[in-house]
Amino acid sequence: MLIDYRILVISANVLANQMGLPVPVLPTLIVGGALAAQGTLSGTQVFAGAVMACVLADSAWFLAGRVYGNNVMKLLCRISLTPDSCVSETQSRFERWGSNALIVAKFVPGLSLIAPPLAGATQMGWVRFVAYSTLGAAAWVGVALLGGMLFRRQIEALLPRVADFGLAALSVFGVLVVAYVAYKWWERRRFYSVLRMSQIDVAALNQLMTTPPPPLIVDVRSATALQLEPRRIPGALHIPLKDVQQHLRDLPRDRDIISYCTCPNEASAAQVAKILMDNGFKRVRPLHGGLDAWIAAGYTVDTVPVGSALRGTTPHPAG
């Protein structure tokens, strides 16, 4: 019963981590691997339980992405401790790697949580998703358990010392986890305070678009985000966040440049505005509320041509 209980604890830890809770899991798996090498725990059962927990969590996020689409990514960005990278960078990786992203997702910070709902939102087949998710989970869990097995002796020497400290060791560990979350939260607040520059609201932008010369409007969403929400502000130039540096010479310095996205708090749009300002652009502002606020206000939108988001084409700015 003790072995079954420990396997249950390891599986529950993996499930909580993969559902997005800020709980560490690699130490648990590594210790599980060491105990399996000792023969006091079934390595096969630990491996199977951890992989099943991964696939269960991935499937839940896949279903959420399939049902709620882009709203799931907005939720993840809203609660993310690293909003500056948030969904945009992980979407870019998903676009480059395709289904293979699910195999390596567990090894890439940020991608692990975003890849399953993205797969669901982009209508990946269920059987294909489960197959790739299982492969990725097996590789990730296997590496962690193998690490525990290889360093069995060191872990065996360390565990009694941890047990001697007992509650004190657990308390220190808890304080470290809280300190990490607090630090990331502070970074998040600092990011928004630095980037909460002079914004423009949708009404002011709509008025500005009727005044010559019109502003250059830059849609900084990834190709995947554009596919999930195939509408844009009329005349908007599509330059994903990851490509902004490549197009600095193409952008005018004598016109207002308005950046927008569909992420909470305009994280990507604000980051693009900061990049432009750091490169000498003076008249740059992110759109407050982004595309969602523009649509909610009832202003005109264009529909992105079918397939253009997947091709990643970027039009040349006029003037």
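Can you find a residue that is surrounded by fewer than 18 Cβ atoms within 10 Å (Cβ to Cβ) and part of a loop (DSSP other than H, G, I, E, B) anywhere in the range 232-239? So that I can check it myself, show each step before the final result.
Residues of the range 232-239 that are surrounded by fewer than 18 Cβ atoms within 10 Å (Cβ to Cβ), as a first pass: 234-235.
Retained after the next criterion (residues that are part of a loop (DSSP other than H, G, I, E, B)): 234-235.
So far as the range 232-239 goes, yes, one or more of its residues are surrounded by fewer than 18 Cβ atoms within 10 Å (Cβ to Cβ) and part of a loop (DSSP other than H, G, I, E, B).
Leu75 passes all but one of (1) in contact with a Leu (Cβ under 9 Å, 6 or more places away or on another chain); (2) at pLDDT below 90; (3) under 30 Å from Val178 (Cβ atoms); which number fails? Answer for Leu75: the failing condition is (1).
Within the range 27-39, can one find any residue that is in contact (Cβ under 8 Å) with a residue 24 or more places away in the chain and outside any helix (DSSP H, G or I)? Full working, then the answer.
Residues of the range 27-39 in contact (Cβ under 8 Å) with a residue 24 or more places away in the chain: 29-38.
Pick out the ones that are also outside any helix (DSSP H, G or I) and you get none.
Looking for residues that are in contact (Cβ under 8 Å) with a residue 24 or more places away in the chain and outside any helix (DSSP H, G or I), one finds none in the range 27-39, hence no.
Within the range 204-233, residues that are touching a residue at least 12 places away in the same chain (Cβ under 8 Å) and under 30 Å from Ala119 (Cβ atoms) have Cβ atoms under 8 Å from residues that are of a type in the set (S, T, N, Q) and assigned to a loop (DSSP other than H, G, I, E, B) in these pairs: Arg221/Thr262; Thr224/Thr122; Ala225/Thr262; Gln227/Thr122; Leu228/Thr122; Glu229/Thr262, counting only partners at least 6 apart in sequence or on another chain.
Residue count for the range 290-319 under the criterion of being modelled with pLDDT of 75 or more and among the hydroxyl-bearing types (Ser, Thr, Tyr): the result is 3.
The values are calculated or read from the model by the stated rules, or taken from the named source; none is laboratory data. Here the structure is a predicted model, which is why all the values come from computation and not from measurement. Note that each Cβ is placed from the backbone with ideal geometry, even for glycine, and that neighbours are counted across all protein chains shown.
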